[in-house]
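Colleague: Have a look at this one before I ask anything.
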Amino acid sequence: MEVLVLSRSPSLERHLSRALGTHVRARYLCSFDEVDTTDPATILLVHSASFPGALPQVLGALGVRSSSPVAIAADRPRLEEMLALSEYGIHAYFNSYMADVHYLHMLRLLSAGQTWFTPGLLAHALSLARRALSSTADEGLVSCLSRREREIALDVALGLSNKRIASARNIAERTVKSHLTKIFKKLQVPDRVALAIKLSGQIGADGMANEVEPETVSLRRVNS
């Protein structure tokens, strides 16, 4: 696995050098013109503070819907920014200075085709996703889902595992997995975390764009 780090911050580069150690090969670039995102074995890590006000343009120029997963490192993660950047197909959004164990876990998930988002902000996104799915005023993104698919998507937004969803809906766990496969395909998301992020964007930050301090970041994910 190789990580291309797009950053103009010596401080972040020092932190990444310690966090990744010898486990991950990293190359540091300061301009998006130098980046090649066509290699699926490559993960692109972008430092948001290095491109203030220009990150959407940078992501657009990089073509983040390519084969390379794109991860955003934010010095002060905010829900508003996470939701805005999710529109560009990012695969991860997290605190720039999180611990090495979190970095390595995040990179493993991205290599496996999954996603990673700061847990505190993900909790807010789940709340927004529940509101988006519960609203009858605006069908929006979920209009393509069947009634049963919307029910299961709401269960996912509640943070329920497949086993708990199956028990609550009185259906087989394999049926839940089948519905989720269809939901992911219809909404063009890779996993349940990305599903919650995408649905939460239907409402927006709604005054909940809270910053997350580095020491509050913990290693948690929604159960699969």
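The values are calculated or read from the model by the stated rules, or taken from the named source; none is laboratory data. Owing to the predicted nature of the structure, the values given are computational and were not obtained by experimental measurement. Every residue, glycine among them, receives a Cβ derived from its backbone with ideal geometry; neighbour counts consider all protein chains shown.
Colleague: Is it the case, given these coordinates, that V3 is in contact with a strand residue (DSSP E or B) (Cβ under 8 Å, 6 or more places away or on another chain), buried (at least 17 other Cβ atoms within 10 Å of the Cβ), at pLDDT below 85 and not small (G, A, S)?
Modeller: Answer is no for this residue.
Colleague: What residue, among those in region 27-37 that are within 22 Å of R108 (Cα to Cα) and out of contact with any Ser or Thr (no Cβ under 6 Å at 6 or more places or on another chain), is modelled with the lowest pLDDT?
Modeller: If we take residues in region 27-37 being within 22 Å of R108 (Cα to Cα) and out of contact with any Ser or Thr (no Cβ under 6 Å at 6 or more places or on another chain), then D36 is modelled with the lowest pLDDT.
Colleague: Also: Scan region 60-74 and tell me whether some residue there is outside the structural domain of T175 (by TED's automatic domain parsing), within 30 Å of T22 (Cβ to Cβ), modelled with pLDDT of 85 or more and of a type in the set (V, I, T).
Modeller: Within region 60-74, one or more residues are outside the structural domain of T175 (by TED's automatic domain parsing), within 30 Å of T22 (Cβ to Cβ), modelled with pLDDT of 85 or more and of a type in the set (V, I, T).
Colleague: Would you point out the residue of region 2-61, among those that are of a type in the set (S, T, Y) and assigned to a loop (DSSP other than H, G, I, E, B), that is farthest from Y97 (Cα to Cα)?
Modeller: T38
Colleague: If you scan region 136-154, which residues turn out to be farther than 12 Å from S200 by Cα and at pLDDT below 85?
Modeller: T136, A137, D138, E139, S143
Every residue, every condition in (1) touching a helix residue (DSSP H, G or I) at 6+ places or on another chain (Cβ under 7 Å); (2) part of a helix (DSSP H, G or I), yes or no:
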residue	(1), (2)
F94	yes, no
L107	no, yes
Q114	no, no
L128	yes, yes
S143	no, yes
I165	yes, yes
R174	no, yes
